[in-house]
Number of protein chains: 4
Amino acid sequence: MLFFENDYGEGAHPAVLAHLTETNMEQLSGYGTDPYCSQAKEKIRKACGCPDGEVYFLVGGTQTNAVVIGSMLKRYEGVVAAQTGHVNIHEAGAIEYTGHKVLTLPQREGKISGTDLKNFLETFYGDETHDHMVFPGMVYISHPTELGTLYSRQELEEISGICRQYKLPLFIDGARLGYGLASSRSDLGLKDLARLADVFYIGGTKVGALCGEAVVFPQKAPAHFGTMVKQQGALLAKGRLLGVQFDALFTDDLYLKISENAIRTAERLQKALEDKGYELYLKSPTNQIFVVLENRRLEELSAQVKFSFWEKQDENHTVVRFATSWATKMEDVEALIELL
Amino acid sequence: MLFFENDYGEGAHPAVLAHLTETNMEQLSGYGTDPYCSQAKEKIRKACGCPDGEVYFLVGGTQTNAVVIGSMLKRYEGVVAAQTGHVNIHEAGAIEYTGHKVLTLPQREGKISGTDLKNFLETFYGDETHDHMVFPGMVYISHPTELGTLYSRQELEEISGICRQYKLPLFIDGARLGYGLASSRSDLGLKDLARLADVFYIGGTKVGALCGEAVVFPQKAPAHFGTMVKQQGALLAKGRLLGVQFDALFTDDLYLKISENAIRTAERLQKALEDKGYELYLKSPTNQIFVVLENRRLEELSAQVKFSFWEKQDENHTVVRFATSWATKMEDVEALIELL
Amino acid sequence: MLFFENDYGEGAHPAVLAHLTETNMEQLSGYGTDPYCSQAKEKIRKACGCPDGEVYFLVGGTQTNAVVIGSMLKRYEGVVAAQTGHVNIHEAGAIEYTGHKVLTLPQREGKISGTDLKNFLETFYGDETHDHMVFPGMVYISHPTELGTLYSRQELEEISGICRQYKLPLFIDGARLGYGLASSRSDLGLKDLARLADVFYIGGTKVGALCGEAVVFPQKAPAHFGTMVKQQGALLAKGRLLGVQFDALFTDDLYLKISENAIRTAERLQKALEDKGYELYLKSPTNQIFVVLENRRLEELSAQVKFSFWEKQDENHTVVRFATSWATKMEDVEALIELL
Amino acid sequence: MLFFENDYGEGAHPAVLAHLTETNMEQLSGYGTDPYCSQAKEKIRKACGCPDGEVYFLVGGTQTNAVVIGSMLKRYEGVVAAQTGHVNIHEAGAIEYTGHKVLTLPQREGKISGTDLKNFLETFYGDETHDHMVFPGMVYISHPTELGTLYSRQELEEISGICRQYKLPLFIDGARLGYGLASSRSDLGLKDLARLADVFYIGGTKVGALCGEAVVFPQKAPAHFGTMVKQQGALLAKGRLLGVQFDALFTDDLYLKISENAIRTAERLQKALEDKGYELYLKSPTNQIFVVLENRRLEELSAQVKFSFWEKQDENHTVVRFATSWATKMEDVEALIELL
């Protein structure tokens, strides 16, 4: 069975696992106070060009979104996000569980626009009754988005500029950040994110780690952030588990290098689909390829390949997703192309 | 430096790590739907003698307490716990963050008594104004407790009986359950817990795993428990990380066997302390040894041994804790005894 | 200054105030256990044709929405509402503050349709990943809606039927219910609501009371509803304040009779606006009249009349709202028409 | 039947009701923006000697406690209160429902001491693991307390001083404040409270109003307090209902004058009980008299007098409470004394 179901199908990158193994019996203090956490944070700060920033390690994506948003919003504020944003749709109400509303903007290919954001904010503050409404308290975007698309530098600068004008922290969900950074169509690096966002996270779960996301506050974390992490049940006793993994991922550019494999294999697959005349749902710059299949074709393919249903297009056609990752073998891609 | 600071100072037991390594590149589906999760659950159900029960894997202790309690309580209910219970003191208000009160009972050596529980419930329901108060909705105990003590079978049966009389689910926090099961002073096994509790968890973080707690509902989990796990940010994309580890821990009784090491080393240490005339804070049946040290002695020892401050006894004396674990070497215990 | 700003500009209807005055020095027990609360509840149950139903009195509209929704939803559920629903827009996130998401449907003139509701539910349950999403747990509509429009009996039966098919409680916000019942275009009475909804409230604040909303559960209230009312700070010590007022409102059909005044005056005003060639924003069947004004005209009128800004139509035109109520004098309407 | 069951058995003081009646048909804008609210606030600021303070009107006591505490605490903070504090016992978990823990101190006659508060704070900050605990974020006391007792000026200054040293806002629950101010044993006035507390409320429900509590921030309310009031469902559309009542209560010292009646009648009753040899549970300085009754006596008395059960003293004796209020007639007190 060929596996293109998602980008978290394997365990950890061998170098990450090796680092876990070689440090396994060291006796280290808990809750992220060990030297591996410290040096991983230092490496990340360096890669992001924010020597005075703060880095925290959390376990997974929904947790990270809920902890960051729940910690940064004031009680009367909500988070602005694309209607298709992960926090709005696929997190079982984790944001609302912290007491906050998700305020939605229209999306195009998973992205919000500066124009829509500006309109939203002007309308809100222009409404005399806005004291009876949820205040926008921060802006959430994902990069890559749910649909694998990327913000351009210009788009991100515009959004960031509006956020700063309205004093709204900008939060970038980077669950698949490596694949964004490695994309040949990206003009944004870690240092750009650190310059333009107030908080973002570098996803590990989908990019080479067993688990773990590195939250970067380029300036400063909220006061007592650690206590709030604990309060949301997100503080690991063996913090080393995350520190050791990110220490490996941020040694010798491993994070970026392994991300490139996902891009290479995805590009090969997308090109082949186009060549074979398949209709792409959108042209993806990263590791998720969305394509329209005839239902009969889908049925047949399912017997030999694992991939994801995305949405129904019409009675006879379905949008499906093939995901590659740091672990995808080019030979599997070729085998898949063979079947298409 | 000798390490007796806590029981989560090392990584995973070698067999656990080996199992992670050997399964690392297998392509598995996510969110706990992989075969390792399934077989680990099956092994746990078998060990607990509850073939129809449900098992879920979560990442850490506070998370598990918050998810279980937050999912089982009705909105107008609180959880009854010892005044010293972890949920009442050391979880940064994680329970209250889910909207629920911790209703406290007096404790003796970290344990609540059936008598106090019964009095509390009779007083509550005897109070005509109890509709204006938080209803007791479940009972939380830890076994071993915060102080390393153990409930006897008779004590647990009494508590369980009262809970059933009042239709209150009984929840046992087993963050250190292995050390309780392995204690020579324990008369309670996994099957007893499954018979007497409505939900309990088998701690992995402190007993051989990198992370992970196995929550056991001997009868049935709350409806849509998985969605609530997600809502609290506690669902791992790579659920395999937990399944593989518990699969190893519940193969060939590994969990119990490695727990025995903690007991052996703790017993040796406690005996030596007594022989040397030290005052024990309490006589511990498990892996945490509490002893009173003169402050000057404490100072000296700190240079060569890592251990924990527990509480001030008087101006000149302090209660400290030495913790052993599955990983503690007897030679380190001997070296510590040498220093005492 | 003519007053058409809203429908809560005066105090209480004189008969309501008289009843408060005549019972003022009676010594009554608290928290809604007094005889006036009892007899008001009995009268309401009778008017609604639900002799076994339960009635509770709360203080205001947002409070009622938050208490009812917060008490009926399970933790993993959200409330389905029109995108323009009061709970979604104008309650400062009161629903999310209770931990629940508002799941929005498209609206037409403030109303949702059975078709959209059905599609939403089918899509939700058809999505394999719906365990990662917020479950629809109840449906909220307002009648009259935010825009003063009314559901027809057929529309409400369709929505109610879908709710029952999916076992979703249907909740009707009746903040302005009297004006809906009194509308000449309404084919729905209290008994219809009691038959088709699982909970609804009869608004007092906007229909003759100083404050107060009567929540009707035609079958049964959630267990321990009173404790949850208290938990949300919504239980009045002097419950009589609400009981006495609803006792007056439900004596000799006062509630309906005084509502008719709002309809008569609104109809007169709407007719006159049409006759004078004004563009109506929508044709209102109740007490809120929405009309498009040239901005210059709006400016002039503001000097002599209080009314509400609704929304900007274009650079030169604005939608405004004139509201009538139980207290509006026909002579004021005539004076307003004079000015138009 | 003589009525000494509580201090909220009647409606409003006649002057309050008269003011509601005379202003009833005035057309006023909503949500507390009317002139009666403004002038009531001004009168209260003056009475409290805080011309730059902010005053808000809320409906009831539990609501006020939940809104004030929920608005002032940061997410990781709890409120410090006496173990017997209303917020800890009798509010159905309203504080925890906002996500915050009540951190309890020992009490003596319903009061906390500066010494205990200081110890608590020193212990908290002295504990190296306090990042894993709920931070004390404000201090709650009631004056009079649940037991009708009063803080002396010296006691309050000590508590206030410690709060300021630790930058903890001090909140005084004044549900029965009038009876505290009017007590012959009080050495604290409104201006003292405004000087020593950061927020307090002047209870109306139990002191002459139909409903309503005036929250006073002697310096400044939290930013966007009004939106949070709305978010907790506590904002009245007809804000006038509260403004008009407090306008009456703070005209010509009415609030204080009517409170004196409760004290006079309570003093007469307490003196008579002592003279007749009854055992007082405590010597009350305000309007709640606690006395020990033989159970047989209690039984007999219940046939002719309404009063409250407080607690069982032993098999044959019970502590009961007789409450007086602004409305209690001296002739009823004499009639009660006759029966004793």
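A simple count of charges around B:Lys74, restricted to other residues whose Cβ falls under 11 Å of its Cβ and scoring Lys, Arg +1 and Asp, Glu -1, yields +2. When each pair of different Cα atoms in the protein assembly as shown is counted once in the 1/r mean, what is the Kirkwood radius in angstroms, to one decimal? Result for the protein assembly as shown stands at 33.6 Å.
Using only Cα coordinates, the Kirkwood hydrodynamic radius of segment B:202-340 works out to 17.6 Å. The ellipsoid that matches the Cα gyration tensor of segment B:150-205 has semi-axes, each √(5λ) in whole angstrom, of 20, 13, 7, with the longest given first. Start at zero, step by 10 Å, and the Cα-Cα distances of segment D:107-252 spread as 10, 35, 33, 17, 4, 0 percent across the bins.
All other residues with a Cβ under 14 Å from the Cβ of B:Leu273 taken together, and with Lys, Arg as +1 and Asp, Glu as -1, what is their net charge? Don't skip to the end; give the middle numbers.
Working: positive: B:Arg268, B:Lys271, B:Lys276, B:Lys283, B:Arg297, B:Arg321; negative: B:Glu267, B:Glu274, B:Asp275, B:Glu279, B:Glu294, B:Glu334, B:Glu338.
Here the charged neighbours net out to -1.
Position D:His317: other-copy label points at 4.0, 8.3, 8.9 nm, ordered by increasing distance, label point 7 Å along Cα→C-beta.
Show B:Asp116, A:Asp275 ordered by accessible area, largest first, where the area counts protein heavy atoms only and the probe is 1.4 Å. Before the final figure, lay out the partial values.
Working: B:Asp116 50, A:Asp275 105 Å².
The residues order as A:Asp275, B:Asp116, largest area first.
Using the Stokes-Einstein relation with a Kirkwood hydrodynamic radius computed over Cα pairs, the translational diffusion coefficient of segment C:81-176 at 20 °C and a viscosity of 1.002 mPa s comes to 155 µm²/s.
The residues packed around D:Thr64, meaning those with a beta-carbon under 9 Å from its beta-carbon, carry a net charge of -2 if Lys and Arg are +1 and Asp and Glu are -1. With r defined as the distance between the Cβ atoms of C:Gln39 and B:Arg195 and R0 fixed at 41 Å, what FRET efficiency is calculated, to the nearest 0.05? Here the calculated transfer efficiency is 0.20. Measuring from each Cβ of chain B to the axis that turns chain B onto chain A, the shortest distance belongs to B:Val59, 3 (residue, then whole Å).
May I ask which of A:Lys167/D:Lys41; A:Lys238/D:Lys74; D:Lys191/D:Lys220; B:Lys111/D:Lys74; C:Lys271/C:Lys329 have a Cα-Cα span longer than 22 Å here?
On the way: A:Lys167/D:Lys41 32 Å; A:Lys238/D:Lys74 28 Å; D:Lys191/D:Lys220 16 Å; B:Lys111/D:Lys74 32 Å; C:Lys271/C:Lys329 16 Å.
In this structure, A:Lys167/D:Lys41; A:Lys238/D:Lys74; B:Lys111/D:Lys74 lie more than 22 Å apart at Cα.
Partner shielding of C:204-216 amounts to 2, given as the average count of beta-carbon atoms from other chains within 10 Å of each residue beta-carbon. Along its three principal directions, the equivalent ellipsoid of segment C:31-190 from the Cα gyration tensor extends over semi-axes of 27, 20, 15 Å, largest first.
Counting, for every residue in D:17-29, the Cβ atoms of other protein chains within 10 Å of its Cβ and taking the mean gives 5. Distances between copies at D:Met1, taken between label points 7 Å from Cα along the C-beta direction, are 4.7, 7.1, 7.2 nm in increasing order.
Out of all Cα-Cα pairs in chain C, roughly what percent, to the nearest whole number, are more than 30 Å apart? Show your work: numbers first, answer last.
On the way: 21460 of 57630 pairs.
More than 30 Å apart: 37 percent of the Cα pairs in chain C.
Considering all projection directions equally, how large on average is the shadow of the alpha-carbon convex hull of segment C:277-317, in square nanometres? All intermediate terms of the calculation are to be shown ahead of the outcome.
Working: hull surface 13.1 nm².
Result: a mean projected hull area of 3.3 nm².
Once C-alpha pairs closer than 8 Å and six or more residues apart are averaged by separation and normalised to the residue number of segment D:204-340, the relative contact order reads 23 percent.
Looking at chain A alone, DSSP beta bridges between its own residues are antiparallel in about 60 percent of cases. Remark: mean inter-chain Cβ contacts per residue of A:7-15 equal 6, using a 10 Å Cβ-Cβ cutoff to other protein chain atoms.
Peptides C:126-136, A:38-48 ranked from most to least packed by the mean count of surrounding Cβ atoms within 10 Å: A:38-48, C:126-136. Remark: chain B carries 36 Å² of accessible area per residue (probe radius 1.4 Å; ligands, DNA and RNA excluded). Quick one: P(r) of segment A:1-85 from all Cα-Cα pairs, 5 Å bins, percents rounded to integers, in order of increasing distance. Going out from 0 Å in 5 Å bins, segment A:1-85 shows 3, 9, 12, 16, 20, 16, 12, 8, 4, 1 percent.
Calculated on the Cα set of segment B:25-69, radius of gyration then Dmax: 12.4, 36 Å.
The values are calculated or read from the model by the stated rules, or taken from the named source; none is laboratory data. From a predicted model like this one, the values you see are computed outputs, not experimental measurements. Ideal geometry is used to build each Cβ from the backbone, glycine not excepted, and the neighbour counts take in all protein chains shown. Accessible surface is based on the protein model in full, side chains and every heavy atom, while ligands, DNA and RNA are left aside. Shrake-Rupley method; radii C 1.70, N 1.55, O 1.52, S 1.80 Å.
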